[in-house]
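Notes follow the structure.
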Amino acid sequence: MEWDWDFVWQIMPTLLEGFKITILATMLGAAVAMVVGLGLAIARRSPVAAISRTVGFVSEFIRGTPLLVQLYFIFYVLPDIGIRLSPLTAGVIGMGIHYATYTAEVYRAGIENVPRGQWEAARATNLTTRQAWIHVVLPQAIPPMIPALANYFIAMFKETPLLSAITVLELMNQAKSIANSNYRYIEPMTLVGVFFLVISLISVVGLRWLEERYARMDD
């Protein structure tokens, strides 16, 4: 089968629409993962054993089951108990919660890396617990976490094709629809690979820049 440039230009607008959904799902999923992950990390540090162990068990369960199964559960099973979500919403929540269990471990490592003296200094200056977290702990804990969090962002982007299983019209789903309708697979599938490769390379360059910037800050 020969490469058809006319067909490429014909399908490009549809693929770009799917690509926009892919980027949107990744960005929203990453936002959910960052926020929920921080909550999980703080809960894992709770002095109440029941809270810490329960959160730990749930996190291990989510990490130990495939993301695809979780997406199916959210989109196809929850409606049986009256919870109906749009495909994109279900996909964002599924990816966000799944990756939150990983970002939580990154947060936890970063928080535990803050010297104990900083906590004591915050208490000595009569800061509330909330103020200590916002003004003392997190500003020191977050910068070293950035490279690891960026890696999970890249991984999430690469897993967005799974959203096609719950009918999200992201890049992969649009490409499959075009291929099945026209019985031509080489162009749409190759273009999908190119899109993912380009964004992954851009992300890797950005990640290295962040790592170098953090290394300079450390010096």
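The values are calculated or read from the model by the stated rules, or taken from the named source; none is laboratory data. Quick caveat, the model's predicted, so the values are computed rather than measured. Quick reminder, even Gly has a Cβ in these numbers, built from the backbone with ideal geometry, and neighbours come from all protein chains shown. Heads up: the accessible areas ignore ligands, DNA and RNA and are worked out on the full protein's heavy atoms, side chains in. Shrake-Rupley method; radii C 1.70, N 1.55, O 1.52, S 1.80 Å.
If you take the Cα centroid of the range 29-105 and the Cα centroid of the range 161-183, the two points sit 25 Å apart. Per residue, the Cα convex hull of the chain amounts to 149 Å³. Restricting the calculation to Cα atoms, every distinct pair contributes to the Kirkwood radius of the range 113-219, found to be 17.4 Å. Sorted from longest to shortest, the spans of the Cα atoms of the range 1-98 along the three principal axes equal 64, 29, 23 Å.
Based solely on its DSSP helices, what 222 nm [θ] is calculated for the chain when runs of n ≥ 4 H residues each add -39,500 (n - 2.57) and the sum is averaged over all residues, nearest 500 deg cm²/dmol? Don't jump to the answer; show the numbers that get you there.
Working: 9 runs with 166 residues, N = 219.
Using -39500 (n - 2.57) per qualifying helix, the result is -26000 deg cm²/dmol.
If you roll a 1.4 angstrom probe over the protein chains with everything in place, what fraction of the accessible area of the chain belongs to carbon and sulfur, to the nearest %? Intermediate results must be reported in sequence, preceding the final value.
On the way: 7990 of 12440 Å².
Carbon-and-sulfur percentage of accessible area, whole number: 64.
Rolling a 1.4 angstrom probe over the protein heavy atoms with all chains in place gives the chain an accessible area of 57 Å² per residue. Return one number: the angle in degrees, 0 to 90 and rounded to the nearest 10, between the long axis of the Cα atoms of helix 186-218 and the longest principal axis of the Cα atoms of the chain. That works out to roughly 20 degrees.
Projected label points at THR14 and THR167, each 7 Å from Cα along the beta carbon direction, are separated by 1.8 nanometres.
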